[in-house]
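Here, each number is a calculation from the coordinates, and none is a lab measurement. Since the structure is predicted, the reported quantities are computational estimates derived from the model, not experimental observations. Cβ: placed from backbone, ideal geometry, glycine included. Neighbour counts: every protein chain shown.
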Amino acid sequence: MKVTEYIEAAESTLFSFEILPPLKGKSIQSIYDGIDPLMEFNPKFVNVTYHREEYIYKEKGNGLLEKVSIRKRPGTVGICAAIMNKYKVDAVPHLICGGFSKEETENALIDLQFLGIDNVLALRGDSIKTETSFRPDPNGHSYAVELVDQISDMNQGNYIMDDIKLEPTDFCIGAAGYPEKHFEAMNLKTDLLHLKNKVDAGATYIVTQMFFDNKKYFAFVDACRSIGINVPIIPGLKPIKSLNHISFLPKFFHIDYPEELSTELLKCKSNSDVEQVGIEWGIEQSKELVKGGAPCIHYYTMSNSDLVKTIASKIF
Ligand code: FAD
C-alpha cells in the first residue's frame, strides 16, 4: 500500500521509522533486532536508507595507486524484501541519484516493482568523501527532481530501455524537505521552489530532515502551503544519544539546536545525561507535532532503536 494511502486512511498521527543497513559482515538478524522493539507501535511502513559505494586508493606495490570501489553496507532492496516478508509491513527503500546511471536506476526500480514494493523515497544523495561536491554519474541524474521525473515516467509506462513491452509501474514517490534549508541552497525560498519542482514532477509526500525546533517545521509547512505544495509533510525526528552527537548532528546535518535545548545539553557530563535530555526533548517534540496535526512522525533510528522506543511508548 502507498504511504499516501496510509496517511489518508489514518485517524491520528502515524508512527514510522528509518533504519540503516548494518555494516557488511553482519546478518539480517541485526536488522530484525532493531525493528522488533518498534513493532508494538504499529508502523505501517519502514524506511531503509541507501548508501553509496566509496572509493579508496590502494598501493599497487610499484609506486602507483589503484582506485578501488568498496561497499560498506549490504544493498537496500534485499533488506526491504526481508522486512516485508517477516513483518508484513511496507518497506520504503531510499533510491539515490549518486552512482546510478539512468539505466541502472530503471533496473533497480524494475526489481522493486517485482518485489511488490509500492513506495520509493527519491533522493539525490551526497558527495562521496573523495569529492568536494556532488558529481552525478555521467549518464545519471544531477538532482532528485530528475529521478522523480524518471519514476513518474515509468508510472506512465515510459521506460528508457524499450526492448520488451512493460506495464506502467505505480510507485508512490516521496521526496526530502529541509525545514532549515538544504545546505547547498542559496536560501530557503529557492530551496522551497526546488522542492515544489519535485512535487510538480510527481512526488506525493515529503519527509523532512531532522530538526529540533518544532517552530521551524510548522513554519516550513506554512511556507510550503503558501507556494502550492499541498502534499503531506512528514516530520523527521532524531533523539540525541551521546556527547558526540552534540556537535556531530549540527555539523553533519546542517541543523541548529534551539537555545533551550543547547542550554540543557551544555549541562550534560555523560552519554546517559545526553540520552535523558534527548528522550525528554523527543517526547515533547513528538507531543507537539501530534497536537499540531503532523500526518506521521518519522524517527531516524540510525541503528539505535532504544531511544525511539522510549519516546514512542509515550506517544503511540
Ligand atoms: P535535491 O532535491 O536534488 O536538492 C539538492 C540541492 O540542490 C538543494 O540545495 C536544492 O535546493 C538544490 N537544487 C535542486 N534542484 C536544483 C536545480 N535544478 N538547480 C540548482 N539547484 C537545485 N542520502 C543518502 O545517500 N541515502 C539515504 O538513504 C538518504 N536518506 C535521506 C532521507 C531523508 C528524509 C533526507 C531528508 C535526506 C536523506 N539523504 C540520504 C540525504 C540527501 O541525499 C542529501 O541531503 C542530499 O544532499 C540532497 O538530497 P535531495 O534529494 O534533497 O536533493
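Please find the FRET efficiency linking Q156 to S12, where r is the Cβ-Cβ separation and R0 is fixed at 35 Å, and quote it to the nearest 0.05. The computed FRET efficiency comes out at 0.55. Estimated at 0.36 nm per residue, the fully extended path between N139 and E53 surpasses their Cα-Cα distance by 29.2 nm. Given the C-alpha centroids of segment 15-45 and segment 198-257, what is the distance between them in whole angstrom? Result: 22 Å between the Cα centres. Secondary-structure-derived ellipticity at 222 nm for the chain, considering helices only, amounts to -12500 deg cm²/dmol, per-run term -39500 (n - 2.57) for DSSP H runs with n ≥ 4. Can you find, among L289, I246, I173, the residue farthest towards the positive end of the dipole of the chain? Put +1 on the C-beta of Lys and Arg, -1 on that of Asp and Glu. Among L289, I246, I173, the one farthest towards the positive end of the dipole of the chain is I246.
Could you rank the peptides 232-243, 9-20, 250-261 by their average count of other C-beta atoms within 10 Å per residue, with the highest value first?
232-243, 9-20, 250-261
Distance between the pseudo-spin-label points of A185 and L23 (7 Å out from Cα toward the beta carbon): 3.4 nm. One decimal place: the segment K165-S127 gains 10.1 nm when fully extended, by the rule 0.36 nm per residue minus the C-alpha distance.
Run a plain Debye calculation on segment 3-312 (Cα atoms as equal point scatterers, no solvent) and give log10 I(q)/I(0) at q = 0.07 Å⁻¹, rounded to two decimals, same order as the q list. The Debye formula, applied to the Cα set alone, gives -0.28. Normalised size of segment 219-316, defined as Cα radius of gyration per 2.2 N^0.38 Å with N residues, equals 1.14. Across segment 14-134, C-alpha contacts under 8 Å between residues 6 or more apart give a mean separation that, scaled by the residue count, equals a relative contact order of 24 percent. For the pair K72 and K287, a Förster radius of 30 Å applied to the C-beta separation gives a FRET efficiency near 0.25, rounded to the nearest 0.05. From the cross-link list K216/K238; K72/K251; K72/K314; K24/K67, which pairs have alpha carbons spaced over 25 Å apart? Beyond 25 Å: K72/K314. Using the charge dipole of segment 3-312 (Lys, Arg: +1 at Cβ; Asp, Glu: -1 at Cβ; taken about the Cα centre), state which of Q276, V308, F100 has its Cα farthest towards the positive end. Value computed over the given set: Q276. Cβ-Cβ distance of E5 and K267, R₀ of 51 Å, FRET efficiency by 1/(1 + (r/R0)^6): the value works out to about 0.70.
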